[in-house]
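Here the structure is laid out as structure tokens; the discussion comes afterwards.
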Amino acid sequence: MNSSTAPATIHAPAVDPNAAIRASRIKEYPRQLWWFIASFIALVSLCHLLSWGITKVSSGLRGLQTQNGETEAGRSPAGRPLSWRRVPVAIVNAYRVVAFRYMLRFGQSYTLNLAEVFVTCAYIIAIFTWEFVNTTTLAGHQLDYTYWSSRAGAIAASQFPLITALGTKNNVVAYITGISYDKLNYVHRMAARVVFVLLWLHGGSKASSGTLVPASYDEWFIRIGLTALITFTILILVSLRPIRAQVYEVFYFVHFLSVLIILLGAYFHTNNQHVGFYVWPSFLVWGLDRAIRFARLVYYNHLYFGFSSASHKLDASVELLSPHFVRLHMQRPAHFRWTPGQTAFLMMPTVSGFPLEAHPFTIASVDDRYRLEGLKASGSPETEKLAGDTLAADVAPFWNELTFLINVREGFTKRLAAIADQGKKVKVLVDGPYGFSPDLTEDDGVVLVAGGSGVSFTLSTFLGVLSDVQNGRSRCRRLLFIWAIRDANHIDWISKTLGKALELAPAGIEISIRIFVTSGNGMTLYQTQTVGEDDSVGSISEGTAVGRSRPPSLLDFSAVQVIQGRPDLSSILREEVEAADGRLSVTVCGSQGVASACRSALRIPMSAVLKGGPSVVLHVESFGYA
């Protein structure tokens with residue numbers, strides 16, 4: 001055959017032997033990472049369950065020791081022998097000390113406990129281990145970008161459902177681990193920032209390697225991926241703590257819109273690469289959370305939507321307590337129940353910059369399940385007859401009504417303060433309750449520490465403990481309430497409620513209330529005003545109807561001390577630990593300085609617990625934007 005007429009040989013394109021390996025690892029490694037994360041969540045849940053079990057068992061043992069007269073109250077742990085039966089309790093206490101009471105400080109105000117540091121490091125190590133492991137080509141080129149570039153995008157996409165779940169209020173991770181949604185919010189932000197780095201590794205490596213030629217940007221899935229990445233970058237910048245704290249409402253809007261853009265862009269971009277199944281569950285998680293919140297909003301606030309002629313009675317009363325604090329109280333919506341220390345999200349269309357904007361606030365009151373014996377139910381005929389009684393009017397909102405003590409900042413709370421100053425009422429829609437209340441029923445001693453408006457959390461907890469003791473649900477024998485305030489006049493916010501609680505407190509519990517006034521000589525001024533008020537009320541009450549007498553001043557109770565200066569929390573807590581026997585809980589709601597002082601004071605050595613010292617549990621609710 002003539003060579004000139006022979007058919008041309010067609011050469012098939014060379015097959016990259018690495019391609020199949022890369023594809024299989026892109027498919028397998030995100031799954032392995034999810035198994036690791038699921039196993040870690042299961043381990044945390046198991047530890048939570050074991051801690052709960054040890055608490056119950058040790059509580060039963062304390063009860064037996066009390067019956068047998070084996071307790072050594074008042075005896076210093078240093079003088080007691082070691083008890084190997086207390087090894088489980090000592091181990092749990094040592095874990096609490098190491099994990100939650102040693103802090104690392106970053107900058108002027110950012111701190112992390114060692115548990116958060118461990119979770120952060122473990123997550124980062126896991127992410128980048130699966131990202132860069134086995135990235136050597138068959139030819140021996142190490143860390144070849146063709147191995148880890150696309151893998152970075154797949155691993156990042158696989159984490160979107162987790163990030164979405166951790167950012168929701170109705171959080172499945174919170175329910176199985178016992179960690180409230182607000183504390184998991186740190187993990188939500190941390191995971192989002194790690195994924196942000198992965199996405200820039202993915203996009204940046206494609207751009208720098210020449211894979212993305214100019215013609216590539218004409219591809220729709222490339223453009224939509226870049227849009228999502230740029231939006232993610234803006235969100236990360238706005239979510240930085242200094243910016244978030246200063247312009248929270250801007251962050252709120254940007255977060256809502258950008259998350260929608262990011263998830264839509266991520267889905268369409270990854271679906272073009274056949275890994276969109278990692279992203280679409282995020283829409284289910286987010287949608288389920290929103291559906292639950294909407295259903296709850298309608299259920300609790302249905303009277304506001306025109307189904308009742310009594311809807312005008314639901315408007316909340318707002319009172320300007322000082323230039324920096326507002327008290328809001330409103331009728332409890334039907335079926336709305338909460339436990340002490342929980343929060344509610346409030347929507348006020350006439351106050352908010354955006355009608356659907358919701359802000360979380362701690363509920364300072366308790367519902368009627370925690371009403372003390374001798375206290376009339378809110379809305380009962382007895383309280384209606386006493387409508388003109390200032391004491392009844394001030395005390396009633398803290399039982400069975402929703403009461404909030406709100407710190408005035410900028411934006412929403414500043415507008416609310418202006419309305420309070422005008423004496424107007426506001427329409428409020430309630431969503432909640434959220435968060436977990438600390439379980440204090442097994443504690444022999446309870447210490448509550450608050451700074452400023454942190455009293456919202458500790459006041460409701462205080463009322464709850466008294467009710468639990470009165471109804472036999474709590475074994476608490478000593479209750480210490482500490483409140484640090486700048487101005488002595490702030491005592492009036494809750495003085496009548498505290499006085500009523502002390503008046504009706506159950507027998508068998510030792511109560512101590514210490515209020516520290518940290519500035520000026522306002523303590524003396526407050527005492528003088530209180531005496532004057534008491535005298536005037538006493539003279540008027542002589543001519544009133546039988547059964548009406550002047551209400552007792554808070555300072556009339558021997559359990560109450562008003563002290564000038566800052567509290568020495570280290571000394572106070574050490575004294576409580578030395579005097580305690582059994583289990584002691586310390587609940588703190590205040591600034592980082594207050595929380596830091598409590599953590600330092602409660603670093604109890606393991607040997608002290610082995611010698612019969614108290615097992616100490618610390619609950620911290622911090623101020624500010626987490």
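Quick notes on this one:
- Radius, Kirkwood style, for region 408-520 when every pair of distinct Cα atoms is counted (Å): 16.2
- The peptide list 261-271, 170-180, 45-55, put in order of mean Cβ contacts within 10 Å with the highest first, becomes 261-271, 170-180, 45-55.
- Contact order relative to length of region 446-520, as percent, for alpha carbon pairs under 8 angstrom and 6 or more apart: 40
- Ranked packing of 94-100, 611-617, 595-601, 116-122, most packed first, by mean Cβ within 10 Å: 611-617, 595-601, 94-100, 116-122
- Simple label model, 7 Å out from Cα along Cβ direction - LYS414 to SER24, nm: 6.2
- Tensor-based shape of region 85-197 (alpha-carbon gyration tensor, a/c under 1.5 rounded, otherwise prolate or oblate): prolate
- Measuring against 31 Å, Cα to Cα, the residue pairs LYS169/LYS611; LYS169/LYS500; LYS425/LYS500 contain LYS169/LYS611; LYS169/LYS500 as the ones spanning a longer distance.
- With 0.36 nm allotted per residue and the present C-alpha distance subtracted, the ALA559-ALA507 stretch has 17.4 nm of extension available.
- Sites SER51 and TYR110, calculated FRET efficiency, Cβ-Cβ separation with R0 35 Å, nearest 0.05: 0.80
- When peptides 137-144, 182-189, 475-482 are sorted by average Cβ neighbour count within 10 Å, with the highest value leading, the order is 475-482, 182-189, 137-144.
- For region 85-127 versus region 577-626, the gap between their alpha-carbon centres in whole angstrom: 14
Rule-based calculations on the coordinates, nothing more; no lab input. Since we're looking at a predicted model, the values are computed, not measured. When we count neighbours, we look across all protein chains shown, and the Cβ atoms used for this are built from the backbone with ideal geometry, even at glycine.
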